[in-house]
1. Here's a check for you: in segment 112-129, which residue that is within 16 Å of residue 48 (Cα to Cα) and in a strand (DSSP E or B) is farthest from the chain's Cα centre (by Cα)?
2. For segment 1-111, list the strands (runs of 3 or more DSSP E) that sit wholly inside it and hold at least 1 residues that are touching a residue at least 40 places away in the same chain (Cβ under 8 Å) and buried (at least 16 other Cβ atoms within 10 Å of the Cβ); which are they?
3. Would you mind finding the one in 15, 64 that is modelled with pLDDT under 95 and either at negative phi or in contact with a helix residue (DSSP H, G or I) (Cβ under 9 Å, 6 or more places away or on another chain) (or both)?
């Protein structure tokens, strides 16, 4: 798989008027529940007073984020690289580079990576973490 776009994000930065956060300084962490899923927490509730959070998500080939619900957070996915399928409120949505999907609060969803893995930029309003 060509990871050029994902590499640009993984090596990117968050630029604010008062500071710059380099993404390479943020460690990947294993998802506490789903095998083969790693997260890089770019912006958390701590920095936004709980208003929103941003996360890079790396799903290994043919692994999945199983069915779950965020009771209070609207979630968006921006597909950076790879492919897969998101089941959003019972509907299968193909995930390919450039797709953006919106998952309203309270809606069951899951994401399964394809043979080449899946790389997402996930945003939560209000913050997940």
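1. If we filter segment 112-129 for residues that are within 16 Å of residue 48 (Cα to Cα), which is where we start, we get 122-129.
If we keep only those that are in a strand (DSSP E or B) too, we end up with 122-125.
Values: 122: 3, 123: 7, 124: 9, 125: 13 Å.
So, considering only residues that are within 16 Å of residue 48 (Cα to Cα) and in a strand (DSSP E or B), the one farthest from the chain's Cα centre (by Cα) is 125.
2. Values: elements: 13-15, 20-22, 37-43, 53-59, 64-68, 74-88, 91-96, 100-103.
Ranges flagged: 37-43, 53-59, 64-68, 74-88.
3. Details: 64 fails: modelled with pLDDT under 95.
None of the others qualify; the one that does is 15.
The values are calculated or read from the model by the stated rules, or taken from the named source; none is laboratory data. What you see is a predicted model, and the numbers here were worked out from it, not measured in a lab. Here Cβ is always computed from backbone atoms with ideal geometry, including for glycine, and neighbour counts include all displayed protein chains.
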